[in-house]
1. For segment 113-135, check the following and say yes or no: at least one residue is more than 14 Å from the ligand (Cβ to nearest atom), modelled with pLDDT of 95 or more and outside any strand (DSSP E or B).
2. Report yes if some residue within segment 7-14 is surrounded by 24 or more Cβ atoms within 10 Å (Cβ to Cβ) and either charged (D, E, K, R) or more than 24 Å from E140 (Cα to Cα) (or both); otherwise report no.
3. Which count do you get for residues in segment 1-55 that are of a type in the set (A, V, I, L, M), in a loop (DSSP other than H, G, I, E, B) and within 9 Å of the ligand (Cβ to nearest atom)?
4. With the requirement that a residue be of a type in the set (A, V, I, L, M) and modelled with pLDDT of 95 or more, what does segment 145-156 give you?
5. Specify which of the listed residues (R376, R338) is part of a helix (DSSP H, G or I) and modelled with pLDDT of 90 or more.
6. Which residues, counting only those in segment 213-230, are farther than 19 Å from M337 by Cα and surrounded by 13 or more Cβ atoms within 10 Å (Cβ to Cβ)?
7. Filtering segment 152-188 down to residues that are of a type in the set (D, E, K, R) and within 30 Å of Q227 (Cα to Cα), which residue is surrounded by the most Cβ atoms within 10 Å (Cβ to Cβ)?
8. Looking at (1) modelled with pLDDT under 90; (2) surrounded by fewer than 19 Cβ atoms within 10 Å (Cβ to Cβ); (3) in contact with a strand residue (DSSP E or B) (Cβ under 8 Å, 6 or more places away or on another chain), can you tell me which one L359 breaks?
Amino acid sequence: MKTKHDIVVVGAGPCGSYAAYSAAKLGANVVVCEEHNQVGAPDHCAGHLNISSLKRLQIPLPQSIIENEIKGANIYSPSGKEFVLRCHNPVTYVVDRGRFDKHIAELAMKAGVQYRFKSRVKSLLFDSGHVKGVILKEKEKIESSLVIDAEGCSSAILKNTGLAGLRASMTVRGIQADVEGLEHFDEDMVEVYLGRNVAPDFFAWIIPRKDGTAKVGLATSTGNPQQHLRSFMEKHPVASKKLQKSKVNSILAHPIPLAGPIPKTYSNGFLAVGDAASQVKPTTGGGVIFGLTCAKVAGEVACEAVKSGNFSEMFLSSYHRQWKRLVGFDLSAMLMMRRMLNSLPDSRTDKVIDLCKRLGISETLKKFGDIDFQGRSLIPMMKYPGTLAVISYFLYSWLMSSTKQSFF
Ligand SMILES: Cc1cc2nc3c(=O)[nH]c(=O)nc-3n(C[C@H](O)[C@H](O)[C@H](O)COP(=O)(O)OP(=O)(O)OC[C@H]3O[C@@H](n4cnc5c(N)ncnc54)[C@H](O)[C@@H]3O)c2cc1C
């Protein structure tokens with residue numbers, strides 16, 4: 001195996017593999033270093049992905065990866081009021097995240113990317129202020145002209161460069177149980193449960209698979225996630241009835257960064273993508289689609305750098321500008337929404353859900369809503385009096401509840 005590569009990618013998650021694939025497809029020599037002994041394990045995700053975004057990214061999925069096709073969501077307010085958003089056709093897939101990650105890694109391997117497993121990157125190699133490769137845990141050095149950091153949300157490698165890491169204050173702790181024996185649920189709808197007692201500063205979810213099993217999870221900013229999950233499954237007035245005969249087969253836990261992207265995602269010989277750069281939707285915690293969108297740009301810019309022999313941060317800043325153009329507005333809008341949502345007391349969240357129901361917002365959402373590009377889909381919706389009323393109430397509630405908080 002060659003020890004000098006054009007590009008080293010740290011991490012074989014979806015973003016690392018997709019960045020590697022995008023660069024290798026254009027001719028770069030790429031190696032991915034993954035600390036585990038295989039791609040896709042351990043899994044730490046619900047795998048709920050927007051079908052139209054996967055199409056836009058041109059990632060067709062083999063049927064074996066798709067666990068379910070979802071037509072909408074039943075959203076439960078803190079007091080248990082239900083708001084139903086059901087579309088005619090499937091809008092999202094539930095995917096097997098392990099297999100999804102393997103699928104992207106296989107695309108990368110076919111494009112010529114090499115994978116090194118059990119290869120934990122301990123730190124970066126530097127030469128005259130430029131990143132020039134990585135040092136593995138076993139002290140082996142792998143030289144390269146550029147490193148793409150796709151290590152996920154640990155920020156360990158990122159800190160080596162002096163770039164600002166993820167903001168711990170807005171990182172929630174996610175937990176998810178794989179269950180069987182769920183009752184009284186719609187097979188083609190996900191369920192979202194709001195409430196400060198249910199999941200402080202986030203929400204709980206039930207995501208069904210076609211085979212009758214489901215992913216039941218939540219994320220929380222405070223308290224013990226496991227206790228919150230137990231309480232949700234055993235005591236929530238709506239969810240507990242569906243889960244009372246269920247059996248938990250496994251549990252996973254992982255942080256979710258919700259503070260919006262880190263301020264700078266590049267330096268000399270270095271790019272950060274995916275959770276490592278916090279390219280995660282602050283409203284829903286979904287990081288796969290935007291991460292892949294940015295990873296594609298990272299791979300392309302990295303390959304351009306290889307071809308031009310220019311790895312300076314000035315050259316690589318083009319990556320930052322390009323991904324901001326693609327998803328920057330939506331990430332900023334969603335961060336604002338997350339902050340507003342976090343500031344609302346349960347009584348006001350109840351009222352927002354009630355208004356959505358009474359004013360028939362589901363029709364406007366079906367027409368214009370996009371679970372990924374939530375910022376830009378708000379703009380056409382504002383033309384509709386019902387939506388405008390809900391947004392106005394939401395803003396009013398936030399203003400009333402945020403007097404004690406600093407928004408910026
Ligand atoms: C409970 C939960 C549910 C979620 N549900 C959804 C969802 O439904 N939809 C959605 O879009 N997103 C969801 N997310 C978020 C999603 O999982 C992440 O945004 C996504 O995994 C980010 O991909 P990534 O490639 O950036 O990082 P990761 O998937 O975290 O991959 C990072 C990889 O890097 C490796 N690595 C780390 N450090 C090193 C090192 N030093 N050396 C070598 N290898 C290293 C890791 O082993 C891992 O393989 C969820 C997250 C959680 C916690």
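The values are calculated or read from the model by the stated rules, or taken from the named source; none is laboratory data. Since the structure is predicted, the reported quantities are computational estimates derived from the model, not experimental observations. So basically every Cβ, Gly included, is an ideal-geometry build from the backbone, and we count neighbours across all protein chains shown.
1. yes
2. Yes; the residues of segment 7-14 include at least one that is surrounded by 24 or more Cβ atoms within 10 Å (Cβ to Cβ) and either charged (D, E, K, R) or more than 24 Å from E140 (Cα to Cα) (or both).
3. Final tally of qualifying residues: 4.
4. Scanning segment 145-156 gives L146, V147, I148, A150.
5. Answer to the selection: R338.
6. T213, A214, K215, V216, G217, G223, P225, Q226, H228, L229, R230
7. By that ranking, first place goes to R173.
8. Here L359 meets the rest and fails (3).
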